[in-house]
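To start, the structure under review is shown below, and the notes come after it.
Rule-based calculations on the coordinates, nothing more; no lab input. Since the structure is predicted, the reported quantities are computational estimates derived from the model, not experimental observations. Don't worry about glycine lacking a Cβ; one is built from the backbone with ideal geometry, like all the others, and counts go over all protein chains shown.
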Amino acid sequence: MTDIEKAKEQIEKLRAEINRHNYFYYVTDNPEISDAEYDALMQQLKQLEEKYPQFASPDSPTQRVGAAPVAAFGVVEHPLPLLSLANAFTDDDIFTWYNRVVKLVGSQKFALACEHKMDGLAIALTYVDGRFTTGATRGDGFRGENITQNLRTIRSIPLAVPNDAPPRFEVRGEVYLPKAGFHKLNEERAADGLPLFANPRNAAAGSVRQLDPRITARRPLDIYIYSLGWAEGKTVPDTHWGRMDYLESLGFKVNPNNALVQNIEEAAKYYHSWVQRRAALPYEADGIVIKVDPIALQYQLGNVAHEPRWAIAYKFPAIQATTRLKEIRISVGRTGTLNPYAVMEPVAVGGVTIRQAALHNEDDIRRKDIREGDWVYIQRAGEVIPEVIGPIVNRRTGAEKEFKLLEKIFDKQKGRPACPVCGSEVFRPEGEVMYYCSNAACPAQVEARLELFTSRGAMDIRGIGESMAATMRREGLVKDVADLYYLTKEQIAGLERMGEKSASNIINAIEKSKNRPLSRVIFALGIRHIGEEMAQLLAGHFNSMDELANATENDLTAVPGVGHKIAESVVNFFNQEDNKRIIQKLKDKGVRLENEKAAISNLPLSGMEFVVTGTLKAFSRDTAHEKIRALGGTAKDNVAKQTAYLVVGEEPGSKLARAQELGIKQLTEAEFINLLKEKGQ
Ligand code: IVH
């Protein structure tokens, strides 16, 4: 073999190897090698291609970085038009659609494919003799723009497909920007004074339709394939679902959240379950698409105008809106943080009126370039707190005001910045983004601490919420959380809008809370950085509050999962005289500050890891976790090799697939409850 022949062979080998790793990394999200190893392979290939330019090829993975700009996009005629979809907004709408389909088909015995309606840009990819040859936008459905060079930069689009793929075929899908990429892009644009993209669709379109593919290459675009346009020279499966499986086997990325259901009720269920969970998705979806699965029925049903009768889009309620940000104000948090928040002209989003939204910190406000008086995009998804995405720069009048925290809280009389609640001095610890109120007895802090202490995940003292906590503090009944245990019924009954009955309910609730597990008491104290999970971890390693209070930073960091920041925060907390006093007061009143007697390691589920997926009927996921822990087991959020059981509720998520992959044992809800009963819960 000559050197040239060897080089050619080597180049081909490297390309195949890199394509294989691209697939693992970008399509299955399961890389086999480190980024550094990947970069090394890429480097090797680049060098060989430079040395032997005769073997250069647009299919090479080195070309994904983007070719030189084109003057304008060429036109691509779609051999088969790209259709759009009719919209549905209510369950009634989809039932009506389904009934018509059933009538036309003359049967109910067909499956429906349910998919997320990705908020991106529709594209068509053509493959000839195993290679990606043309990529086009939808355009008007008949003719689109040739954006092949740009699409080549998207790593999850295969440049080549296996030999047994059809000799000529076209797939269709949606190019989109994941939420994280979309936010980052908008923040960068805001900081550069560029207009923001209103939504991920515009952002994806703006990124893909760049005349300079190098710009496209820098945007973290991704794709999901959602149909086979056409195929020649080979028989393909005769259902939509079968085709998606087949395309997946050819290396295309198909949304793992798709589902095949048997009737329209199940499709409605799929929709509602995702309406609730859409906020947790890494991408923006604006609805679901329901498709009649058998291709023969799709032909039979045909199209009306540009819309197929065999599919429908069931839109999610809107979650975005624009409004005017009137003012930025400051609230004081539990640990004394000065938290800026936006006060806006009220605006309805998804059936809820939004007036305020947290703004995190000054750096974040500056990065997003949010100014008082700005028109802003806001978003509220599901249970998630509303969020200001960024300003609409081209609606500025010049009257907008930049936000400076220290100016905002400047007290003219005192001649210095002051806590907006108690007037104390403020400070910013080195390396931190937040300012703090220096007064631990600041009313806002005390109230927030009381609120956390009494909340459901903590001591769960019913009847004392935000406003009762504030009243009790104002009336001087409580100065710290331990004072709750010193209250008398008469004191509570004497408060505004309080009767005998509610007062004794509160006293009972306080009494009952004395027996909460140690982990909850630790969490309830509101130690910085200690959330519920960390509190459980700590309670699993220290048998009493005293043991935890006496632990050194070294003792703490020796616990797997406890880092330096947490150790430091715990030690700091217990070093403070005020906190020592609180613990003593709790102890004096008989609040249990120890783990239950049974030695942790002898419990029936000791050493076993559980994961719960989907919705349980009998209790919430939190309660399920608690029951598992009460028996000595651990409750985790993600399935891993060491998971003992996956408890499968209704509408399980992706954890089920992962558990199947790993061969993890599954329990139905009934089996799980039996197990708990057997073990004594
Ligand atoms: S199917 C006839 N499936 O929605 C079938 N479309 O209004 C048409 N879209 O232009 C496409 N996710 O950009 C289909 N899972 C999905 C989709 C999807 C997003 C977009 C697509 C299309 C538009 C139709």
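Observations on the model:
- Cα-projected label distance for residue 17 with residue 544, points at 7 Å along beta-carbon direction, nm: 6.1
- Here the spin labels are modelled as points 7 Å beyond Cα on the Cα-Cβ line, and at residue 86 and residue 211 they lie 4.2 nm apart.
- Three-way shape label, segment 116-273, alpha-carbon gyration tensor, a/c 1.5: oblate
- Tilt relative to the chain, helix 564-575 - C-alpha long axis, 0 to 90 degrees, to 10: 10
- For the chain, relative contact order (Cα pairs under 8 Å, six or more residues apart, normalised by length) works out to 9 percent.
- Point-charge dipole on Cβ atoms (K/R +1, D/E -1) for segment 416-526, about Cα centre, debye to 20: 300
- DSSP beta bridge pairing in the chain, given as percent antiparallel to the nearest 5: 85
- Spin-label zone in segment 501-545 - amide nitrogen under 16 Å from a point set 7 Å from the Cα of residue 565 along the C-beta vector: 527-535
- Estimated dipole of the chain in Debye, rounded to 20 [Cβ of Lys and Arg +1, of Asp and Glu -1, Cα centre]: 1080
- Full extension of the chain between residue 402 and residue 39 gives 126.4 nm of extra length, using 0.36 nm per residue less the Cα-Cα distance.
- Segment 417-558: C-alpha gyration tensor shape, a/c 1.5 cut-off, then a/b vs b/c: oblate
- The mean sequence distance of close C-alpha pairs (under 8 Å, at least 6 residues apart), as a share of the length of segment 479-552, puts its relative contact order at 21 percent.
- Dipole magnitude of segment 253-330, debye to nearest 20 (Cβ charges: Lys/Arg +1, Asp/Glu -1, about Cα centre): 360
- Overall shape: oblate for segment 353-469, with the ratio a/c of the largest to smallest alpha carbon gyration tensor axis at 1.5 or above and b/c at least equal to a/b.
- Residue 236/residue 637 FRET efficiency (R0 35 Å; Cβ-Cβ; nearest 0.05): 0.35
- Angle between the chain longest axis and helix 669-678 axis [Cα atoms, degrees, rounded to 10]: 40
- Fewest neighbouring Cβ atoms within 10 Å first, the residues 646, 185 line up as 185, 646.
- Database note for the chain: Cys without another Cys beta carbon under 4.7 angstrom, 114.
- The angle between the Cα long axis of helix 500-512 and the main principal axis of the chain comes to about 70°, on a 0 to 90 degree scale.
- Listed from fewest to most Cβ neighbours within 10 Å, the set 651, 500, 671 follows the order 500, 671, 651.
- Relative contact order of segment 310-415, pairs being alpha-carbon contacts under 8 Å that are 6 or more residues apart, as %: 24
- Additional length obtainable on full extension of the chain from residue 505 to residue 320, 0.36 nm per residue less Cα span: 62.4 nm
- Placing unit charges on the Cβ atoms of the charged side chains and taking the dipole of the chain about its Cα centre, the candidate lying farthest along the positive direction among 360, 457, 332 is 332.
- Unit charges at the beta carbon, dipole of the chain: most positive-side option, 507, 208, 181: 507
- Across the options 126, 673, 379, the greatest Cα extent toward the positive end of the charge dipole of the chain (unit charges at beta carbon of Lys, Arg, Asp, Glu) belongs to 379.
- Over the chain, dividing the summed -39,500 (n - 2.57) contributions of all DSSP H runs of at least 4 residues by the number of residues returns a 222 nm mean residue ellipticity of -10500 deg cm²/dmol.
- For residue 198 and residue 456, the difference between the fully extended length at 0.36 nm per residue and the C-alpha to C-alpha distance is 89.1 nm.
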